[in-house]
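**Student:** Sharing a structure here in structure tokens format.
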Amino acid sequence: MRSPRRLRTEVLGGLVVALALIPEAISFSIIAGVDPRLGLFASFTMAVSIAFLGGRPAMISAATGAVALVIAPVAREHGVDYLVATVILAGVVQVLFAVLGVARLMRFIPRSVMVGFVNALAILIVIAQVPHLVDVPLLVYPLVLAAIAILVLLPRLTTAVPAPLVTIVLLTAATVVFAVHVPTVGDEGALPDSLPTLFLPDVPLTLETLRIIAPYALGMAVVGLLESLMTAKLVDEVTDTHSDKTREAWGQGAANVITGFFGGIGGCAMIGQTMINVKASGARTRISTFLAGVFLLALVVGLGDVVAVIPMAALVAVMVMVSVGTFDWHSVRPSTLRRMPKSETAVMVVTVAVVVATHNLAIGVVTGVLVATLLFARRVAHLTDVVVSDDPSGARVYTVTGALFFASSNDLVSRFDYARDPSEVVVDLSGAQVWDASTVATLDAITTRYARRGTTVTIRGLDDVSAARHARLTGTLGGEG
């Protein structure tokens, strides 16, 4: 506020983002199967709330396709009241996640899962546009093609005005001037003509209600936090600054609770709009995020009648291009696939396949993480080695190297020659690490087998952490007796 130049940058950044948010908020509302005003109100309340509560300055949060896709079945099968109740519960779950330190778990999500997450989101956005291209007037198709052409060519000429806004204005003007009858935003539902008001969902406070909304609320909470924390990490890299991920997590939750009580469809951070704000506009503070929400509401309330005549063809084109821009094309280039380990490519493909099959981003991400974990454990398990030698004193020495955990230590028992070894055996673990109880149980089993034959086993070379773990657990885990 003390720098007029900085303030100007933040104000213009907020205005540009607001203009770009309008078509996407409407489109995401349609994906969720609700009136456009629910998405517009959500974008307003999310942006304004997160400007105060979030942990990443200049990041834009609003109604998003990821959240809309998760909660769409609730609106379709149970109505708007259940959808709003889902949004509120999802916000509460996100706050609980923040308290439990979920932000710290982001480091356990592999890059291949993140790439699969982004690619699957792009595919689902395209799939969601298909209903708007079926059983429609033939004029819809050339309008969609014309809109895509504008979206592709205009940024090559100028980036002063967002291409989606120009596309919507031109196609709306053309359909009005030439009296072209095609589906419009107004056909999808009424736009707001007043400010959002407090909304209390009319749902029974019963376990049956919780059974209906809880799975979707959990999915929305996970998806929203994943996308928000990934976006925050990206902004950290772009701006070379650090953000408070835990604060961002509970800020997202609080913003969704607020959004629900104002009748919005909820949301999370938006990668596209955030990049417009941070990279294209140069914004760096919470002012731009706050003004993006304020400008958005002012535009839709003041120009609601104009927004109602926007042809759906324009929004379909915008969403298709958003999908194209979201998809990580580098990840599927032949040159990338040749260099990338097959296991990581498999994780990405599994993540995409599960998300597209279930239409649930959270299930896909969890599945991807599980597959990545199993493949990593398998790869690390093969790095364990055992070398046999003889000590000058006559003892047989087994030198074990590698990370010892359940996957790598289970077959360690079979690597020893119990029948032919001398009376003294040394297990040298100076090049190994003991990571879990399974490994301690394996070492106990080896010692027990030798003891049956009167052989003395000495375990040496343990680092401090491994030694402490072994001392704490040895002899307490059962095993071969």
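**Student:** Can you name the residue in the range 89-108 that is buried (at least 16 other Cβ atoms within 10 Å of the Cβ) and more than 22 Å from I71 (Cβ to Cβ) and is also farthest from the chain's Cα centre (by Cα) among such residues?
**Tutor:** First, pick out the residues of the range 89-108 that are buried (at least 16 other Cβ atoms within 10 Å of the Cβ): 89-95, 97-98, 102-103, 106.
Okay, now just the ones that are also more than 22 Å from I71 (Cβ to Cβ), so 103, 106.
Working: A103: 12, M106: 10 Å.
Here the residue is A103.
**Student:** All but one of (1) assigned by the TED database to the domain that holds F108; (2) open to solvent by 40 Å² or more (accessible area, probe 1.4 Å); (3) within 21 Å of the chain's Cα centre (by Cα) hold for H359; which doesn't?
**Tutor:** (1)
**Student:** Taking the condition at pLDDT below 95, touching a helix residue (DSSP H, G or I) at 6+ places or on another chain (Cβ under 9 Å) and not in a loop (DSSP other than H, G, I, E, B), does Q252 pass?
**Tutor:** Taking the combined requirement at face value, the residue does not satisfy it.
**Student:** Consider T274 carefully, then state whether it is among the β-branched types (V, I, T) and crowded, with 23+ Cβ neighbours inside 10 Å.
**Tutor:** Taking the combined requirement at face value, the residue satisfies it.
**Student:** Right, next: Could you list all residues from the range 280-317 that are open to solvent by 20 Å² or more (accessible area, probe 1.4 Å), aliphatic (A, V, I, L, M), part of a loop (DSSP other than H, G, I, E, B) and touching a residue at least 12 places away in the same chain (Cβ under 8 Å)? Explain how you work it out, then say what you get.
**Tutor:** Initial filter on the range 280-317 (open to solvent by 20 Å² or more (accessible area, probe 1.4 Å)): 280-282, 284-287, 290-291, 294-295, 298-299, 301-303, 305-306, 308-309.
Within this subset, residues satisfying the condition of being aliphatic (A, V, I, L, M) are 280, 287, 291, 294, 298-299, 301, 303, 306, 308-309.
Then keep just the ones that are part of a loop (DSSP other than H, G, I, E, B); that gives 303, 309.
Result: V309, single match.
**Student:** Provide a single number: the residues in the range 9-39 that are among the hydrophobic types (A, V, I, L, M, F, W, C) and closer than 11 Å to L296 by Cα.
**Tutor:** Qualifying residue count for the region: 9.
**Student:** Kindly establish whether F199 is touching a residue at least 24 places away in the same chain (Cβ under 8 Å) and aromatic (F, W, Y).
**Tutor:** yes
**Student:** Where residues in the range 198-249 are of a type in the set (S, T, N, Q) and open to solvent by less than 20 Å² (accessible area, probe 1.4 Å), which of them is modelled with the highest pLDDT?
**Tutor:** Among those that are of a type in the set (S, T, N, Q) and open to solvent by less than 20 Å² (accessible area, probe 1.4 Å), it is T209.
**Student:** Now a separate question. For M46, indicate whether it is in the same structural domain as L133 (by the TED database), open to solvent by less than 10 Å² (accessible area, probe 1.4 Å), assigned to a loop (DSSP other than H, G, I, E, B) and touching a residue at least 60 places away in the same chain (Cβ under 8 Å).
**Tutor:** For M46, the condition - in the same structural domain as L133 (by the TED database), open to solvent by less than 10 Å² (accessible area, probe 1.4 Å), assigned to a loop (DSSP other than H, G, I, E, B) and touching a residue at least 60 places away in the same chain (Cβ under 8 Å) - is not met.
**Student:** Considering L191, L195, which residue is out of contact with any Pro (no Cβ under 7 Å at 6 or more places or on another chain) and either outside any helix (DSSP H, G or I) or of a type in the set (S, T, Y) (or both)?
**Tutor:** Of the residues listed, the single one that is out of contact with any Pro (no Cβ under 7 Å at 6 or more places or on another chain) and either outside any helix (DSSP H, G or I) or of a type in the set (S, T, Y) (or both) is L195.
Residues checked against (1) in the same structural domain as L69 (by the TED database); (2) open to solvent by less than 80 Å² (accessible area, probe 1.4 Å); (3) free of Cβ contacts under 8 Å to residues at least 40 places away in the same chain; (4) closer than 15 Å to A445 by Cβ:
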position	(1), (2), (3), (4)
V371	no, yes, yes, no
L374	no, no, yes, no
F405	no, yes, yes, no
L412	no, yes, yes, yes
R415	no, no, yes, yes
E424	no, no, yes, no
V434	no, yes, yes, yes
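**Student:** Going by the structure shown, is L291 at pLDDT 85 or above, in the same structural domain as A62 (by the TED database) and under 18 Å from L53 (Cα atoms)?
**Tutor:** yes
**Student:** Does V180 meet the test of being touching a residue at least 12 places away in the same chain (Cβ under 8 Å), touching a strand residue (DSSP E or B) at 6+ places or on another chain (Cβ under 9 Å) and open to solvent by 40 Å² or more (accessible area, probe 1.4 Å)?
**Tutor:** Yes; evaluated as a whole, the condition is true for this residue.
**Student:** A follow-up question, please. How many residues does the range 49-66 hold that are closer than 17 Å to M230 by Cα and either of a type outside the set (A, V, I, L, M, F, W, C) or not in a helix (DSSP H, G or I) (or both)?
**Tutor:** 12
**Student:** Given the condition hydrophobic (A, V, I, L, M, F, W, C), surrounded by 21 or more Cβ atoms within 10 Å (Cβ to Cβ) and in contact with a Leu (Cβ under 6 Å, 6 or more places away or on another chain), answer yes or no: does some residue in the range 128-139 qualify?
**Tutor:** no
**Student:** Cβ-Cβ under 6 Å, sequence separation 6+ or interchain: first residue in the range 349-364 and at pLDDT below 90, partner among the polar types (S, T, N, Q). Which pairs?
**Tutor:** Final answer for the pair search is G364/T351.
The values are calculated or read from the model by the stated rules, or taken from the named source; none is laboratory data. All of these numbers come straight from a predicted model, not from anything done at the bench. Cβ sites come from the backbone with ideal geometry, for glycine too, and all protein chains shown count toward neighbours. Remember, those area values only see protein heavy atoms, side chains included, never the ligands or the DNA or RNA. Shrake-Rupley method; radii C 1.70, N 1.55, O 1.52, S 1.80 Å.
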